[in-house]
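The values are calculated or read from the model by the stated rules, or taken from the named source; none is laboratory data. Values in this document were obtained by computation on a predicted structure and should not be read as measured data. Neighbour counts are summed over all protein chains in view; Cβ atoms, including those assigned to glycine, are modelled from backbone coordinates with ideal geometry.
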Amino acid sequence: MALKLAQIEVEIREISLRDKPAHMLQVSPKGTVPVLILADGSMIEESLEIMHWALQKHALAGNIHAACRMLILENDSSFKQALDRYKYPERVHQYNQQQSQLEYRQQGEFFLQQLENLLQKNTNLFDATPSFADIAIFPFVRQFAAVDSEWFEGMNESQVPYPKLHAWLDYWLNSELFKSIMTKNPTFID
């Protein structure tokens, strides 16, 4: 999303993490995604670093204040850990997966409530206009909502948990920016 916002043209190579292309491992021995190879041959291997690099060319770059950085840090630490365990409880608890999944959802809800509180004041996390935090955090909230969409959507309108967060997520899911990047690419083969 950051690359698209900054109008930076890139060649996207969809890869299978089970069968990583040799070229990817040559340029990035870590073997993780994303990897952005710049025109000068240098590379950036972390999502946030790619966002910082791209958004230096966009108005959102000036929108990275201390509170924004702290929220992203919490997203990337405690919330992401709870999200991973919520999505994959079998990796943590072999026997009572349903109980552990609920426990990890509840851990993640501390962060969701924090986002809901921020959204009580604005349509985006820190202001009326989107910030770096909105772009950085949106994909993780999207994943969290998808684990149990019935729970996230609520049984009826009056039971929707986190109504402001729900509206914020819907906005981003239906945005032209998000739709424009969600094209499926064929898997790259060396």
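Here are the numbers for this structure:
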item	result
Extreme residue, farthest from ILE72 (Cα to Cα), among residues of the range 5-48 that are more than 19 Å from the chain's Cα centre (by Cα) and acidic (Asp, Glu)	ASP19
Subset tally (residues that are surrounded by 14 or more Cβ atoms within 10 Å (Cβ to Cβ) and either of a type in the set (D, E, K, R) or over 30 Å from THR129 (Cβ atoms) (or both)) for the range 7-26	5
Of the criteria (1) over 22 Å from THR123 (Cβ atoms); (2) under 14 Å from the mean Cα position of the chain (by Cα); (3) of a type in the set (A, V, I, L, M), which one ALA145 fails	(1)
Scan of the range 152-162 for residues that are exposed (fewer than 14 other Cβ atoms within 10 Å of the Cβ) and outside any loop (DSSP other than H, G, I, E, B), ordered by number	GLU157, SER158, GLN159
Unique match (being assigned by TED's automatic domain parsing to the domain that holds ARG69, touching a residue at least 24 places away in the same chain (Cβ under 8 Å), of a type in the set (Phe, Trp, Tyr) and not in a helix (DSSP H, G or I)) among PHE111, PHE140, PHE126	PHE126
Any hit, the range 51-61, residues being farther than 23 Å from PHE188 by Cα, touching a Phe, Trp or Tyr at 6+ places or on another chain (Cβ under 6 Å) and of a type outside the set (Gly, Ala, Ser)	yes
Among the candidates LYS121, LYS80, LYS57, residue that is at pLDDT 90 or above, on the phi < 0 side of the Ramachandran plot and exposed (fewer than 15 other Cβ atoms within 10 Å of the Cβ)	LYS121
